[in-house]
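As structure tokens, the structure follows; a few thoughts come after it.
What follows draws every value from the coordinates through simple rules; no lab data is involved. Treat the numbers as computed from the prediction; the structure is a model and nothing was measured. In this analysis, Cβ positions are derived from the backbone assuming ideal geometry, glycine residues included, and neighbour counts consider all displayed protein chains.
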Amino acid sequence: MIIDFHTHIFPPLFRDQRLKFTSHESAFESLYSSPGAKLVGAKELIRTMDEDEVQHSVVFGFPWEHAEHYKRHNDYIIESVQQYPDRLTGFCCFSPLSSGGPGEAERCLRQGLSGVGELAVYNSGLTSEVVRALGDVMAICSQTDLPFLLHTNEPVGHKYPGKTPNTLWQIYDFIKTYPQNRIVLAHWGGGILFYGLMKREVREAFQNVWFDTAASPFLYTQDIYRIAGEIIGFDKILFGSDYPLLRPQRYFNEMSSAKISQSHMEQIAGVNAARLLGL
């Protein structure tokens with residue numbers, strides 16, 4: 001079974017009138033103001049899943065700052081999961097700094113969503129203010145034993161839309177602050193996984209942490225799959241395409257070239273996600 005743990009879908013209003021929302025949402029503007037930045041809906045995702053032989057996907061929206069925007073988007077995620085219950089698992093999304101975040105998380109989880117994410121603060125990174133602001137949301141996820149997906153990125157290298165000024169220390173402080181939560185760090189955790197080689201403390205901090213592969217072909221060589229598996233364990237890696245940014249097959253071509261075993265590929269492709277989601 002192939003499970004894509006990282007996909008984005010948008011309701012028609014945001015897809016058809018994207019420029020209407022860029023003036024009030026700076027993060028959305030930075031990622032999606034260009035007409036070339038793809039926005040897709042649930043039907044297009046399902047069609048692509050069928051073409052790429054993906055059986056199940058985790059879907060979420062965008063960390064909007066305004067409540068009317070994230071509520072509208074989360075409602076669409078709820079509707080999409082209800083329409084395709086055997087194909088989609090939904091997470092709720094909102095700005096980590098939104099005062100209405102905890103209430104929105106509770107509302108969405110009551111209506112059938114299965115986690116929170118992909119949450120991000122694109123203009124500041126994971127400051128101490130952001131970490132503290134997520135306290136109530138993390139408590140809700142911990143009490144319900146549901147996963148929390150956090151946007152991270154490497155603090156070095158080229159700039160691109162959506163790259164935040166986070167640091168490895170900030171990412172580490174976040175996972176240390178919430179050790180009881182099941183946390184998924186997007187985009188290979190910004191590279192913090194390499195510190196799993198340290199003999200003390202860091203590897204223990206990864207006990208409840210998973211890493212998704214989203215955007216990997218743009219960021220790392222194919223060796224990342226083998227090296228990451230050797231450092232943190234292949235059971236900690238979740239295939240995520242960041243669709244519609246990239247199609248799944250590109251990831252599997254790279255995994256094949258990385259010369260990892262078939263059993264490890266199966267873990268990454270879906271076994272680990274199925275266990276984490278309870279599918």
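Odds and ends about this structure:
- Lysine pair count for the chain [Cα-Cα under 25 Å; pairs on different chains or 8 or more apart]: 15
- Of Arg226, Arg250, Arg18, the residue with the greatest mean-square motion in the GNM of the chain, using alpha carbon springs below 10 Å, is Arg250.
- Built amide H within the under 5 Å cut-off of Leu238, gap 5+: Phe211, Asp212, Thr213
- By the Cβ distance rule of under 4.7 Å, the chain has these cysteines without a partner: Cys93, Cys141.
- The distance separating the Cα centre of segment 192-258 from that of segment 138-189 comes to 14 Å.
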